[in-house]
Amino acid sequence: MNKLIAFVCIFVLAFNNADAQKSFRLKKLVGKKSNLSSTLPLSVVEIPTGTFIMGDENDTTTVLKKELSKPVLISGFYISQAEITNAQYKEFVYWVRDSIAARTLGGDYVIIESGDTAVNWKLASKINYSDPEIISRLGDLLIDPSKTINNKRAIDPQKLIYLLQGFNYLEAAKKENKNRPPSDFIYKYAVAIYPDTLCWMRDFGYSNNEQMAVGYFSSPKYQNYPVVGVSWNQANAFCDWMTKQKINTYQSKNKLSEGGKCRLPTEAEWAYAASLNQANVNTKKSSSEEEKEGNVTTQGKIFPVYVNDSKKGKAGLYNMADNVSEWMVTSYYEGGENFQNRFNPDIQFGTPESQSKFQRRKVLRGGSWKDSPSMVTTTNRSYEDMDATHSYIGFRVVVNLPE
């Protein structure tokens, strides 16, 4: 299978010799390396258009179960080899921090053209947050010293807000909305993007996880481990930032075809990629042999591990069955199999503003480091509220590029 590796900052797409024009376009999506040392690039694998059995085809316990397992057609896409890491997500956090700080500082830190204010990134990326003079000018961006452990002024993580905005094509396409103006379908959501580091303490009562709460996201030791404590909304914000600030910006700057998008995978895409990743695995192999195929986890994990710590599966993907469970863009609906289209099936409803618990449920796929062996499988399926954060939930991304 052709693979693509190149990168947009720490975002890498690589290629073997598939479509020459497509490969050239992907190869051009190259930017400078991240200033975070020793970090893994965000590598993706090409998943070709194909058909697979949606549902657990091995589960034939009832006639209904067998009937619900049906062939579906999935368009080709690129999916990240591993889960998004702490370092990769931290670059997003730093970008939000620096952009807010630059606008707060004003002056040479911003550029005003035709009445619009833009960040001067040559200066913003070099803001010295230990400089007392800088700190004194950041005002409301700082947390009250009396509320900190060391009584020092520092950036308030709750003030790191990303404005996620876009166009709701699903709503605009509905017949009842045919005559409404396009502006009615523009959405804007403010998302606090700093991970919930205290999820380690809440997830496991009567357990000593203070060291993970304090150091898992901040320590260089864990920079290539999967980011956790991020909600579905935060994962979407990361994808929106990656799309606009990495992919689209580079396409525009280099006069490439525009329209690339980074997003969470649909459940069908993820399941299809997982099926290819463990294709031809002999079910009679020993458990140790299966581990080498990337089919099931190595037992004995008590925390997440380095994202490339296991053997790659057949499609070149890591940890589809374990390490952390992963957010899907898909909404959770128990009877969805009954009416989903067989061409790129997906169900999406609800928004971050939805009050209904039913509308806020999003699908999770795969097992995690904390699960029992029976749950460590790519067929493991559950759901959480789109604002839920846990120490065993992360995400990987899908990239679509213009043909």
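Miscellaneous remarks
- Sorted by Cβ density within 10 Å, fewest first, the residues I193, I100, I53: I53, I100, I193
- Cα-based equivalent ellipsoid of the range 218-274: semi-axis lengths in Å, sorted from largest, via gyration tensor: 24, 18, 11
- Spatially near lysine pairs across the range 175-282, Cα under 21 Å, sequence gap of 8 or more or different chains: 9
- When you filter the GluC sites (Glu not before Pro) in the range 299-339 for DSSP loop state and at most 11 other Cβ atoms inside 10 Å of their Cβ, you are left with E334.
Every number in this text was worked out from the coordinates using simple rules, so none of it is lab data. Since we're looking at a predicted model, the values are computed, not measured. Here Cβ is always computed from backbone atoms with ideal geometry, including for glycine, and neighbour counts include all displayed protein chains.
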